[in-house]
Amino acid sequence: MSTGTQARIYRPTARNLELLAKRLQAGELVGVPTETVYGLAANALDAGACKQIFRAKGRPSYDPLIVHVHSLTAVSEIAHLNPAAIKVAKKFWPGPLTLVLPKTDKVPLCVTAGRDSVGVRMPSHPVMRRLLALTKRPLAAPSANPFGYISPTTAAHVTQGLGRKIRHVLDGGPSTIGVESTILDLRDPKRPTLLRPGAITRKQLEKALGRPVAILKRRPTSKGPATGEVAPGMLTRHYSPRTPVSLHESLARLNLSERSEAFVFMRKPSSAARNIFWFDARGNLHGIARQLFATLRRVDALKFRRIHVEMAPAGDLADAINDRLRRAAAK
Ligand code: TXA
Ligand code: MG
């Protein structure tokens with residue numbers, strides 16, 4: 001599937017937003033900015049449009065899409081809210097949290113990969129919010145990368161990966177959080193389960209819900225979903241550079257003079273060379289998350305034989321960062 005031409009990048013002017021809202025209403029795909037990563041959006045109530053998302057990304061049809069909404073009232077059209085969901089939604093929306101809830105009949109089954117639940121998120125990015133308001137539709141949007149590759153955090157990343165498969169990319173600047181939303185399964189409000197760590201931490205969710213949040217234990221392998229119960233997109237191998245990645249608690253003992261291999265530190269190290277990189281000069285976890293995927297892309301493009309990456313020190317965002325790094329390193 002190819003459009004034959006390179007996608008156009010639109011600045012977020014009022015005119016462009018109106019134009020892109022019309023394109024979405026007409027069933028076309030648009031690359032969109034969010035605070036976590038860029039998404040590849042389509043009208044979530046239009047099965048034909050959503051099928052195109054799977055085609056453009058090369059995404060397997062068993063991997064359900066997240067649906068983005070503008071307001072809490074818009075949620076009730078697509079999902080059945082329960083009191084626990086309303087509690088966390090009021091606390092963390094708009095923001096980097098996706099809730100898995102029982103779906104309504106309005107949501108096409110291809111969006112949810114045949115499940116009776118749907119992932120819902122109200123993003124906080126002001127440009128995305130304006131687009132949602134103008135489109136007046138819930139927007140299904142997975143990360144806007146070819147399936148399995150590193151998620152995009154700029155409009156340019158989107159066109160690098162999908163430029164010939166889609167026509168429109170809305171530029172809202174670099175994503176400020178940099179890792180995908182936290183996914184919380186609230187189908188059963190008495191058994192909240194964390195499906196994917198993100199910027200909203202398990203601790204924060206437990207505090208808001210007033211009960212423990214379980215962590216999804218069994219992860220499907222890269223071959224596909226193990227059961228119908230788990231998040232099938234939580235594939236072990238994901239977010240992967242083309243260059244093999246090795247993870248280390250510390251890079252201190254490695255031989256950095258091996259110039260055919262890259263070394264990526266959490267913070268700026270004292271030694272400098274063309275094979276030495278870092279995520280954030282001061283090792284700030286928010287800075288690391290923001291630069292995580294862009295740095296991996298940059299180093300991947302330099303075609304080293306291997307990329308050695310340091311893991312994040314403990315901290316609120318460390319779970320999300322280390323989760324993405326583990327999957328980038330998975331064979
Ligand atoms: O931050 C984000 O969540 C970004 C931005 C664009 O909003 N989106 C994103 O989408 O990361 P994606 O498709 O790359 O990851 C969505 C994950 C998948 O792993 C999928 O399996 C899971 O959400 N998911 C979606 N609906 C689900 C459902 N009904 N039950 C379980 N997991 C679900
Ligand atoms: Mg993704």
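The values are calculated or read from the model by the stated rules, or taken from the named source; none is laboratory data. These numbers come from a predicted model, not from an experiment. Heads up, the Cβs are rebuilt from the backbone with ideal geometry, glycines too, and the neighbour counts pull from every protein chain shown.
Brief remarks follow.
- Residues in segment 180-216 that are closer than 26 Å to N145 by Cα and either within 16 Å of ligand 2 (Cβ to nearest atom) or not in a strand (DSSP E or B) (or both): E180, S181, T182, I183, L195, R196, P197, G198, A199, I200, T201, L216.
- Check on V37, among the β-branched types (V, I, T), crowded, with 24+ Cβ neighbours inside 10 Å, outside any helix (DSSP H, G or I) and touching a Lys or Arg at 6+ places or on another chain (Cβ under 8 Å): no
- Checked against (1) in contact with an Asp or Glu (Cβ under 6 Å, 6 or more places away or on another chain); (2) of a type in the set (G, A, S); (3) within 11 Å of ligand 1 (Cβ to nearest atom), G178 passes all but a single condition, namely (1).
- One residue from P232, P241 being under 22 Å from R115 (Cα atoms), within 16 Å of ligand 2 (Cβ to nearest atom), at pLDDT below 95 and in a loop (DSSP other than H, G, I, E, B): P232
- The lone exception for A7 - which of (1) away from ligand 2 (no atom under 16 Å from the Cβ); (2) of a type in the set (G, A, S); (3) closer than 24 Å to P94 by Cβ; (4) in contact (Cβ under 8 Å) with a residue 12 or more places away in the chain it fails: (3)
- Index of the failed condition, V111 passing every other in (1) modelled with pLDDT of 95 or more; (2) out of contact with any strand residue (DSSP E or B) (no Cβ under 9 Å at 6 or more places or on another chain); (3) within 20 Å of I166 (Cβ to Cβ): (2)
- Selection within segment 7-29 - touching a helix residue (DSSP H, G or I) at 6+ places or on another chain (Cβ under 7 Å) and either loosely packed, with under 13 Cβ neighbours inside 10 Å or part of a strand (DSSP E or B) (or both): I9, Y10
- Considered as a group, the residues in segment 131-162 that are within 12 Å of ligand 2 (Cβ to nearest atom) and of a type in the set (A, V, I, L, M) include one that is modelled with the lowest pLDDT, and that residue is I150.
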